[in-house]
Ligand SMILES: Nc1ncnc2c1ncn2[C@@H]1O[C@H](COP(=O)(O)OP(=O)(O)OP(=O)(O)O)[C@@H](O)[C@H]1O
Ligand SMILES: [Mg+2]
């Protein structure tokens with residue numbers, strides 16, 4: 001996939017922007033606070049339908065303006081498409097594909113597959129399991145709309161189960177109603193878990209390779225799914241039901257469901273050592289990057305299309321050897337890379353200053 005161009009109106013610090021991109025390496029260069037991250041944030045928004053940075057999407061509307069508009073053209077192996085997003089102060093967000101408004105955000109999944117990496121992505125290794133689950137969920141959703149819908153269904157059943165746990169019911173009534181939710185939770189949850197386990201199995205060899213490549217063969221990266229595991233949906237479902245049963249008293253006390261895919265995690269180790277606990281900052285950053293580069297490869301393997309790569313401010317954080325190797329990797333796919341300085345070879349250099357393009 002390739003993004004051919006981007007138009008913005010009143011998005012963040014851009015009043016109006018029209019820009020064409022190269023199919024290779026696009027460098028977005030400029031001093032601090034000029035709009036580099038804003039530009040790739042807008043592209044990523046067209047991929048996952050929301051902003052990774054803004055908790056409230058309306059924050060992306062240019063100050064004192066009524067609405068923000070994003071439009072971009074994507075070229076794929078078989079055809080082109082146009083994606084538009086309109087964020088209004090006083091109305092719901094509109095997403096259009098080829099001018100036709102979509103009803104559910106799930107319809108956008110797969111239209112523009114993108115892998116995004118910023119210094120913030122360090123949290124993928126360092127922070128809570130939630131960040132690692134989000135990584136799997138966003139990736140899997142890009143490859144399958146079905147998975148995206150499964151997640152939504154799971155969340156609704158989980159919310160119902162948790163609500164029930166808070167209710168003041170007789171024990172008999174509570175147990176009989178719980179068993180209905182448990183069955184549904186385990187049926188949907190086991191599908192989610194199996195998808196994630198298979199995703200990690202597919203990802204692991206690529207992550208190992210890209211990590212070896214970035215670290216000049218010195219580090220061996222390993223990924224393990226932690227939580228309820230199994231090799232078939234039925235096996236996972238049975239284990240899940242047993243775990244729910246085992247944790248029943250605890251769940252009733254806490255009014256919360258303490259097991260399931262919403263609690264699972266990925267264990268990341270390098271040369272046999274848990275990176276989350278013992279890795280250096282640079283090592284953790286490189287692991288996160290290796291996961292993202294591997295994600296790129298398996299999205300391509302699954303969908304037959306190379307996703308685009310969005311790299312925000314990564315160069316300043318890596319040593320020279322890793323930097324060189326990363327840039328070499330970028331040759332494989334259309335890349336958007338923001339930086340303050342760049343002296344390498346690029347297919348297009350876009351200089352951003354105060355929400356405008358200079359050259
Ligand atoms: N809704 C908004 N309306 C107008 N300006 C905004 C809005 N949201 C953010 N900005 C401004 O956009 C400017 C550029 O932000 P951006 O994060 O893109 O900078 P950058 O070029 O990536 O800088 P850095 O090199 O520091 O990462 C910031 O100064 C910010 O104040
Ligand atoms: Mg930035």
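The values are calculated or read from the model by the stated rules, or taken from the named source; none is laboratory data. Keep in mind that what you see is a predicted model, and the values were worked out from it rather than measured. As a convention, Cβ positions derive from the backbone with ideal geometry for all residues, glycine included, and neighbour counts pool all protein chains shown.
If you check 256, 329, which single one turns out to be away from ligand 2 (no atom under 16 Å from the Cβ), in the same structural domain as residue 169 (by TED's automatic domain parsing) and farther than 14 Å from residue 116 by Cα?
Just a single option satisfies the conditions, and that option is 256.
Looking only at region 245-269, how many residues end up being crowded, with 18+ Cβ neighbours inside 10 Å and either modelled with pLDDT under 95 or farther than 16 Å from residue 200 by Cβ (or both)?
5
With the condition being modelled with pLDDT of 95 or more and closer than 15 Å to residue 264 by Cβ, I'd like the helices (runs of 4 or more DSSP H) fully within region 121-168 carrying at least 3 qualifying residues.
Here the list reads 129-143, 145-166.
Restricting attention to region 255-266, does a residue exist that is over 30 Å from residue 159 (Cβ atoms) and touching a strand residue (DSSP E or B) at 6+ places or on another chain (Cβ under 8 Å)?
No, there is no match, as no residue in region 255-266 is over 30 Å from residue 159 (Cβ atoms) and touching a strand residue (DSSP E or B) at 6+ places or on another chain (Cβ under 8 Å).
This table checks each residue for (1) assigned by TED's automatic domain parsing to the domain that holds residue 198; (2) within 16 Å of ligand 1 (Cβ to nearest atom); (3) crowded, with 23+ Cβ neighbours inside 10 Å; (4) not in a helix (DSSP H, G or I).
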{"site": "282", "(1), (2), (3), (4)": "yes, no, no, no"}
{"site": "289", "(1), (2), (3), (4)": "yes, no, yes, no"}
{"site": "294", "(1), (2), (3), (4)": "yes, no, yes, no"}
{"site": "316", "(1), (2), (3), (4)": "no, yes, no, no"}
{"site": "337", "(1), (2), (3), (4)": "no, yes, yes, yes"}
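Of all the residues that make up region 1-36, how many are within 11 Å of ligand 2 (Cβ to nearest atom) and surrounded by fewer than 18 Cβ atoms within 10 Å (Cβ to Cβ)?
Count: 3.
Is there a residue being in a strand (DSSP E or B), within 25 Å of residue 331 (Cβ to Cβ) and away from ligand 1 (no atom under 15 Å from the Cβ) anywhere in region 30-47?
Checked region 30-47: no residue is in a strand (DSSP E or B), within 25 Å of residue 331 (Cβ to Cβ) and away from ligand 1 (no atom under 15 Å from the Cβ).
Could you figure out which of (1) more than 16 Å from ligand 2 (Cβ to nearest atom); (2) more than 27 Å from residue 134 (Cα to Cα) isn't true of residue 92?
(2)
Select from region 48-76 the residues that are within 16 Å of ligand 2 (Cβ to nearest atom) and either part of a helix (DSSP H, G or I) or in contact with a strand residue (DSSP E or B) (Cβ under 8 Å, 6 or more places away or on another chain) (or both) and list them in ascending order. Walk me through it before giving the result.
If we filter region 48-76 for residues that are within 16 Å of ligand 2 (Cβ to nearest atom), which is where we start, we get 51-54, 59-60.
52, 59, 60, listed by residue number.
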